[in-house]
Amino acid sequence: MFKIETFSLGPLQTNAYLLVAEDSKRAVVIDPGMNPGSLIRRIETLELEIEAILLTHAHFDHMGGVQELRQHVDCPVYLHDLEAEWMTNAKLNGSANWPQVTPPITAEPAEHALDEGQKLELIGHTFTVYHTPGHSPGSVSFLCDQHLFSGDVLFRMGVGRTDLTGGSERQLVDSIRTKLYRFADDTIVYPGHGGRTTIGAEKASNPYVPA
């Protein structure tokens, strides 16, 4: 199995996840947000080999630490093709629209594209990619065993906003109902902001998307 560590990064307190294989120094980072110093220090302290940076989507608060992390680790970045240009475009990733929060943020393009049903073999485990648009056109969720990394699609008793570039409330609800709610009730949800939850708890009580 692997150990999951959470880092709340940047002014929007975005959850970055560090997944470390229990039997080795192999690791994966999901959504390295702004001001990733604490995450980088942890990686260096443990002397980890980062196999991949996985992005649930390319809003600035989720990809804001990619370029800084790349200066410390040599690994590929994975992102859905619908948001490929967002890495290099501060207006698309939103950072140019929030001057009170951050200066414009850009990064080099991702090395690999993600798509529905894709399976990534990383740190000795299989991560399945689910395209879950609505919060943004290229939003994806990653499922590994009973662990679901949902980005800004599904939160604990909440859902992602849909009023940003490419957002759609209809798509968001459809993504949650037809994909995420089909997972087992004991699936643990690791969202882009806030605390963990389970699929069963959200199906039972989420006020925005009842089962």
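Results, tabulated for the structure shown:
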| item | result |
| --- | --- |
| 14 Å beta-carbon shell around P104, net charge (K/R +1, D/E -1) | 0 |
| Max mean-square fluctuation residue, GNM over the chain, Cα-Cα springs under 10 Å, options P109, P137, P99 | P99 |
| Diffusion constant of the range 70-169 at 20 °C, which comes from Stokes-Einstein with the Kirkwood Cα-pair radius and 1.002 mPa s, µm²/s | 144 µm²/s |
| With every protein chain in place, the range 47-97: carbon and sulfur % of accessible area (1.4 Å) | 41 percent |
| Bridge type composition, the chain - antiparallel percent by DSSP, nearest 5 | 65 percent |
| Whole-Å distance, taken between Cα centres, linking the range 1-32 and the range 105-139 | 16 Å |
| Cα→Cβ-extended label distance, 7 Å offset, between T126 and K91, nm | 4.3 nm |
| Which of E5, E116, E49 is most accessible, then next, and so on - probe 1.4 Å | E49, E116, E5 |
| Cα-based equivalent ellipsoid, the range 83-126: semi-axes from gyration tensor eigenvalues, Å | 29, 11, 9 |
| Directionally averaged shadow of the chain, computed from the convex hull of its alpha-carbon atoms, nm² | 10.3 nm² |
| Net charge, L69 excluded, C-beta distance under 12 Å - Lys, Arg +1, Asp, Glu -1 | -2 |
| Over the chain: helical MRE at 222 nm, DSSP H runs n ≥ 4 each giving -39500 (n - 2.57), nearest 500 | -4500 deg cm²/dmol |
| The chain: relative contact order as a whole-number percent, Cα under 8 Å and 6+ apart | 14 percent |
| Derived scalar couplings ³J(HN,Hα) [the range 131-146; Karplus, 6.51 cos²θ - 1.76 cosθ + 1.60; whole Hz; x for Gly, Pro] | 6, 10, x, x, 5, 8, x, x, 4, 10, 10, 10, 10, 9, 6, 9 |
| Fluctuation leader among V153, V101, V140 - the chain, Gaussian network, Cα springs under 10 angstrom | V101 |
| Label zone at A184 (point 7 Å along Cα-to-Cβ), backbone N below 18 Å, the range 193-211 | 197-204 |
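The values are calculated or read from the model by the stated rules, or taken from the named source; none is laboratory data. Source: prediction; values computed, not measured. Every residue, glycine as well, gets a Cβ built from its backbone with ideal geometry; the counts of neighbours run over all protein chains shown. Quick note on the areas: whole protein, heavy atoms, side chains included, nothing else; ligands and nucleic acids left out. Shrake-Rupley method; radii C 1.70, N 1.55, O 1.52, S 1.80 Å.
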